[in-house]
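Visitor: If you scroll down you'll find the structure; I have some questions about it.
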Amino acid sequence: SELIRGFLLSGMPCPSSCPPGLLALMAPGLALMATFSLPSQAGDRRALPVEKPPGVKGRTLILLDVNTKSPVRIISENFLSLQLDPSIIHDGWLDFLSSRRLVTLARGLAPAFLRFAGKRTDFLQFHNVKNPAKSRGGPGPDYYLKNYEDDIVRSDIALDKQKGCKIAQHPDIMLELQREKAAQMHLVLLKEQFSNTYSNLTLTARSLDKLYNFADCSGLHLIFALNALRRNPNNSWNSSNALSLLKYSASKKYNISWELGNEPNNYRTLMGRSVNGSQLGKDYTQLRSLLQLIRTYSRAHLYGPNIGRPRKNVVAFLEGFMKVAGGTVDAVTWQHYYIDGRVAKVTDFLKTRLLDTLSDQIRKIQKVVNTYTPGKKIWLEGVGMTSAGGMNNLSDSYAAGFLWLNTLGLLASQGIDVVVRHSFLDHGHNHLVDQNFNPLPDYWLSLLYKRLIGPKVLAIHVAGLQRKPRPGRVIRDKLRIYAHCTSYHNHNYVRGSITLYIINLHRSRKKIKLAGTLRDKIVHQYLLQPYGKDGLHSKSVQLNGQPLAMVDDGTLPELKPRPLRAGRTLVIPPLTMSFYVVKNVNALACRYR
């Protein structure tokens, strides 16, 4: 086999009788995550660690090959997508979405969906007015109402004069005033979140224009979640306000996809009365009928139900929904947050058990969906590293990237079609871009993913000779390897190239020898490490030793690889994330779209 040949070519003989764990690793249909144990879609099948034979010295050497004949999964071109929370209406950031810097950052992650939804979705009301100055409110001294609001209006007037994509260059003083306002509003938003009591939000026609302009300028497709908590006395959905929004959007010929509600399984705690899965299914059927009456949206996509973590009652909710509206939606959606942001520690992001919690959820969702609508696409929407808005210096730091990159790899390997990251810009600390419009570590990680990773997922074959684990010490699962065809949009690499991405959670470096079809190929390394003295807490990163930062408001930096000579062993530093493009493999699976 190619794996045995890899042993011989590397100069390391296979033991006289290959252990069962090694033979299991050579079986077809291996899943993508290589952690000295290879999970499959049906569950985790763990091969026992192979002990080091006598006389073999040095650190662990892992042999790695990839099945280049055909992909095991094909995910959406928009696999990595983004979310904006309606709280940006409250804190004022929606008025700054036309910023050249923000648009440049968002363009870097296109193509993608932009989901406008969150906890405040079901308190959002559309009001068809153009002048925001009279309808805006919020805390702040008088100069906000005089100078700040006047500046917003003047900015809007200037934008109205532009044709096509509307881009603004906001003065520094204006942004400083906005940051002061947002800081005050942040306290209000946190109080609402922790008390689970939310005030109503008004979305004006002008605000909707700004939101769509941002998505359109950035090359993102807008998905708008409508308020599902507007209810008639018989508990059916009151669609009157949604119809007003739909008609306005249609009059502007906005290309939008739609959802209804956010985490509907939690409505009892929000409004004192619940909406079950069957009723929400009827509401979705009603929304589909509305869309079909409006020519612009007669073929619009509809996604849902965006349930929370699939515990027993939530699975029952999903079953009720699927019975009624499984054929109505174009993809089934749910959301997931790994850690309570109020109690998170940096070590939490390094726990393999935490990284694996998503696998069980995927199986539960897939089981229900395949029971009622086999083959229906499944999306993970609103994924965040921590709940409760995240925690400063943790969920916005380099350490959070381990969870994020593993989420991307795991979901792709399990066939989840799209993952929506919460959030692109937010009042909390789960975002990709901070309030100074500077990209955070997860942004750079996402940018590398977009530039290097294509939609075709490949199976990997891995074997290693490793030290016998000490009792009670888990040394497997801490090295995670995924493989895809290299992105067709990256013109630096010919079709047929392969990209590996690797997470090393060990506190020691690991060595990987490429074998089989990958042997003796030139490799480009993209090693992402924290930059500065803060280590894993750092909010800055370096690529191959060079710090990453925007060149200017309209230009992202060039992501320069480090070429490695053909046949060189890959050395993965401890506690790092990295991408490796194996050039000119001429992989059959990757030659054509």
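The values are calculated or read from the model by the stated rules, or taken from the named source; none is laboratory data. In this text the structure is predicted, and so the values were computed from the model without any measurement. We place every Cβ from the backbone using ideal geometry, glycine too, and count neighbours over all the protein chains shown. Just the protein is used for accessible areas: all its heavy atoms, side chains included, with ligands, DNA and RNA removed. Shrake-Rupley method; radii C 1.70, N 1.55, O 1.52, S 1.80 Å.
Visitor: Quick check on region 392-403. Is at least one of its residues modelled with pLDDT under 95, aliphatic (A, V, I, L, M) and assigned to a helix (DSSP H, G or I)?
Guide: The answer is yes; a qualifying residue exists.
Visitor: Let me ask something else. Scan region 237-287 for residues that are assigned to a loop (DSSP other than H, G, I, E, B) and among the acidic types (Asp, Glu) and jot them down. I'd like the intermediate steps shown before the answer.
Guide: First pass over region 237-287, keeping only residues assigned to a loop (DSSP other than H, G, I, E, B): 238-239, 252-255, 261-263, 272-276.
Within region 237-287, 263 is the sole residue that qualifies.
Visitor: Is it the case that some residue within region 509-532 is surrounded by fewer than 16 Cβ atoms within 10 Å (Cβ to Cβ) and under 30 Å from residue 99 (Cα atoms)?
Guide: There is at least one residue in region 509-532 that is surrounded by fewer than 16 Cβ atoms within 10 Å (Cβ to Cβ) and under 30 Å from residue 99 (Cα atoms).
Visitor: From the residues in region 545-559 that are more than 20 Å from residue 532 (Cβ to Cβ) and in contact with a strand residue (DSSP E or B) (Cβ under 9 Å, 6 or more places away or on another chain), which one is surrounded by the fewest Cβ atoms within 10 Å (Cβ to Cβ)?
Guide: Here the answer is 553.
Visitor: A further question follows. Being assigned to a strand (DSSP E or B) and closer than 19 Å to residue 501 by Cβ is the filter here; which residues of region 408-425 pass it?
Guide: So in region 408-425, the residues assigned to a strand (DSSP E or B) come out as 418-422, 425.
Passing the criteria: 418, 419, 421.
Visitor: Something else: Going by the structure shown, is residue 284 open to solvent by 20 Å² or more (accessible area, probe 1.4 Å) and either more than 30 Å from residue 165 (Cα to Cα) or hydroxyl-bearing (Ser, Thr, Tyr) (or both)? Full working, then the answer.
Guide: Details: open to solvent by 20 Å² or more (accessible area, probe 1.4 Å): no; either more than 30 Å from residue 165 (Cα to Cα) or hydroxyl-bearing (Ser, Thr, Tyr) (or both): yes.
No.
Visitor: Does region 168-182 hold any residues that are open to solvent by 20 Å² or more (accessible area, probe 1.4 Å) and in a helix (DSSP H, G or I), and which are they?
Guide: Those that are open to solvent by 20 Å² or more (accessible area, probe 1.4 Å) and in a helix (DSSP H, G or I): 172, 173, 175, 176, 177, 179, 180.
Visitor: Given the criteria of a type in the set (A, V, I, L, M, F, W, C) and free of Cβ contacts under 8 Å to residues at least 60 places away in the same chain, does residue 566 qualify? Outline the logic, then answer.
Guide: Details: of a type in the set (A, V, I, L, M, F, W, C): yes; free of Cβ contacts under 8 Å to residues at least 60 places away in the same chain: yes.
So residue 566 fits the description; yes.
Visitor: Of all residues in region 513-546, how many are closer than 19 Å to residue 402 by Cα and assigned to a strand (DSSP E or B)?
Guide: Residues that pass the stated criteria total 9.
Visitor: Also, quick follow-up: Given the conditions (1) part of a helix (DSSP H, G or I); (2) in contact with a strand residue (DSSP E or B) (Cβ under 8 Å, 6 or more places away or on another chain); (3) modelled with pLDDT under 90, report the number of the one that residue 106 does not fulfil.
Guide: The failed condition is (3).
Visitor: Another question, then. Hand me the list of helices (runs of 4 or more DSSP H) wholly inside region 289-378 holding 3 or more residues that are modelled with pLDDT of 95 or more.
Guide: Values: elements: 312-325, 352-355, 357-372.
Qualifying helices (runs of 4 or more DSSP H): 312-325, 357-372.
Visitor: What is the residue count in region 560-572 for residues that are assigned to a loop (DSSP other than H, G, I, E, B) and crowded, with 16+ Cβ neighbours inside 10 Å? First the steps, then the outcome.
Guide: Let us first name the residues in region 560-572 that are assigned to a loop (DSSP other than H, G, I, E, B), namely 560-561, 565-569.
Next, only the ones that are crowded, with 16+ Cβ neighbours inside 10 Å stay: 561.
Matching residues across region 560-572 total 1.
Visitor: Here's a follow-up. Under the condition of being among the polar types (S, T, N, Q) and in contact with a Ser or Thr (Cβ under 8 Å, 6 or more places away or on another chain), which residue from region 293-314 is surrounded by the fewest Cβ atoms within 10 Å (Cβ to Cβ)? First the steps, then the outcome.
Guide: Step one: of region 293-314, the residues among the polar types (S, T, N, Q) are 296, 298, 306, 313.
Going one step further and asking which of them are in contact with a Ser or Thr (Cβ under 8 Å, 6 or more places away or on another chain), we end up with 296, 306.
Numbers: 296: 17, 306: 26.
Only one residue tops the list, namely 296.
Visitor: For region 183-222, which residues satisfy the criterion of being modelled with pLDDT under 90, open to solvent by 50 Å² or more (accessible area, probe 1.4 Å) and either of a type in the set (D, E, K, R) or assigned to a helix (DSSP H, G or I) (or both)?
Guide: 183, 184, 187, 188, 191, 194, 195
Visitor: Might you check whether a residue that is of a type in the set (Val, Ile, Thr) and farther than 30 Å from residue 314 by Cα occurs anywhere in region 191-201?
Guide: If we filter region 191-201 for residues that are of a type in the set (Val, Ile, Thr), which is where we start, we get 197.
Now drop any that are not farther than 30 Å from residue 314 by Cα, which leaves none.
The answer is no, given that none of the residues of region 191-201 is of a type in the set (Val, Ile, Thr) and farther than 30 Å from residue 314 by Cα.
Visitor: Determine, yes or no, whether residue 428 is under 18 Å from the mean Cα position of the chain (by Cα) and either part of a strand (DSSP E or B) or at pLDDT below 95 (or both).
Guide: Against the criterion (under 18 Å from the mean Cα position of the chain (by Cα) and either part of a strand (DSSP E or B) or at pLDDT below 95 (or both)), residue 428 qualifies.
Visitor: When residues of region 155-178 are filtered for being modelled with pLDDT of 90 or more and among the acidic types (Asp, Glu), how many remain?
Guide: Count: 1.
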